[in-house]
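In what follows, a single structure is set out as structure tokens and then discussed.
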Amino acid sequence: MMTRIEVVASLNDPGKPGGHSEDRAGANGHSAFVIDGATGIADRRVMTDHPSDAAWLADHAAAAFSRAGSEESVAAVVSRLNEEARATYFKTAGTGDLPRYMWPAAAFQMLRVEGDRLVSYGLGDCRLFLQSEDDGEVFETTALKGNRDREIAAARAHLARTGGFGGKNDIGGDGQTRAALRESRSKHNMPGGRIFTLGLVPEAANEIVREETGIKAPARGLLCSDGFAALCDNYDAFGPRELIDAAFDEGLPALLARLREIERITDPEGERFPRYKVSDDATCLAFRIP
């Protein structure tokens, strides 16, 4: 019998109460994935039939991942979806002459069954937590290693300059912060660069991080956007093993409640846990591989 990934539970909560989430998650038996659309920092939307350009891209990517066959390489899927997104986006915009910081982008992390191996693929800062149900061994990864500390340090500097969130959902509205974010975003998906994403650059598929997990079925795990993984990576509420245990023992809604309590009650100004937003979109998919 072919090994399959079975979704146990999923959760997708917008970072802004009453707002929309730019995260997506899904599975198709041989793979499971999470997608985190990058918050827009442009002055206007191109894909006006969608809540945001990033939400449009996340929907496009989720559909492409869901229908991809097990025989097709992840790189081929990503190259094609980025090429299709590029053509659609520029056609809708009526021009290809748009600043790069406007271009929609998204991170992703995927776990795929390849024979008897469980293999991780990703671009950007989403997270995989995977645990053997035989011996309890844990594999955890992100495609953008070392980025969390860099992002926390940058957010700390911006919050110190602006004096905190001041009741706003994020600090992206500050002119100096916005300029810095635009400069950084403009460097994504550039030859020799550090950050590659789903988006409008087919060649980003060449930068996908592929890792053999070394974990065999039966196994269980979580695929998370960085907004959900902050429980482990930023807020020190759980270690990787404890996060998996809590997700399966207590359920994802209980973890979401803990996350939002830290962000909105314990540390609403980002003094203890520096970040660019009070609360980010938080998505998690819990799965088992029998």
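Computed over the alpha-carbon atoms, segment 149-195 gives an Rg to Rh ratio of 1.04, Rh here being the Kirkwood radius from the mean inverse distance. Between segment 155-209 and segment 101-137, what is the separation of their alpha carbon centroids in Å? Answer, in whole Å: 22.
Residue-normalised convex hull volume from the C-alpha trace of the chain: 122 Å³ per residue.
Considering only CYS126, CYS232, CYS224, the Gaussian network model of the chain with Cα springs below 10 Å gives its largest mean-square fluctuation to CYS232. Taken about its Cα centre, segment 6-289 carries a charge dipole of roughly 980 debye when the Cβ of each Lys and Arg holds +1 and the Cβ of each Asp and Glu holds -1. Summarising the amide proton neighbourhood of ALA282: residues at separation of 5 or more, or on other chains, whose placed amide H is nearer than 5 Å comprise ASP13, GLY15.
In terms of distances greater than 29 angstrom between alpha carbons, the cross-link table entries LYS187/LYS277; LYS91/LYS145; LYS16/LYS216 yield LYS91/LYS145; LYS16/LYS216.
Every Cα-Cα pair in segment 110-266 was counted, and those over 27 Å apart are 35% of them.
Taking the dipole about the Cα centre of segment 136-209, with the C-beta of Lys and Arg at +1 and of Asp and Glu at -1, give me whichever of ASN147, GLY163, HIS188 is farthest to the positive side. Most positive-ward Cα: GLY163. Taking only the alpha-carbon positions of segment 220-290 and ignoring solvent, what does the Debye formula give for the base-10 log of I(q)/I(0) at q = 0.16 Å⁻¹? Log10 I(q)/I(0), no solvent term: -0.51. Of the trypsin sites (Lys or Arg not before Pro) in segment 1-67, which ones lie in a loop per DSSP and count no more than 16 other C-beta atoms within 10 Å? Of the trypsin sites (Lys or Arg not before Pro), the ones in loops of segment 1-67 whose Cβ has at most 16 other Cβ atoms within 10 Å are ARG4, ARG44.
Across the chain, the relative contact order, built from alpha-carbon pairs under 8 Å that are at least six residues apart, equals 29 percent. Across segment 95-103, rounded Karplus estimates of 3J(HN,Hα) from the backbone phi angles (6.51 cos²θ - 1.76 cosθ + 1.60, θ = phi - 60°) give 6, x, 8, 10, x, 4, 5, 6, 5 Hz, Gly and Pro being marked x.
For segment 1-124, the direction-averaged projected area of the alpha-carbon convex hull comes to 8.6 nm². Over the residues of the chain, the helix contribution to mean residue ellipticity at 222 nm works out to -10000 deg cm²/dmol, using -39500 (n - 2.57) for each DSSP H run of at least 4.
Read-outs throughout are calculated quantities, based only on the coordinates presented, and are distinct from any laboratory measurement. Given the structure is predicted, the values throughout are model-derived calculations rather than measurements. Because the Cβ atoms are built from the backbone with ideal geometry, glycine has one as well, and the counts that use them run over all protein chains shown.
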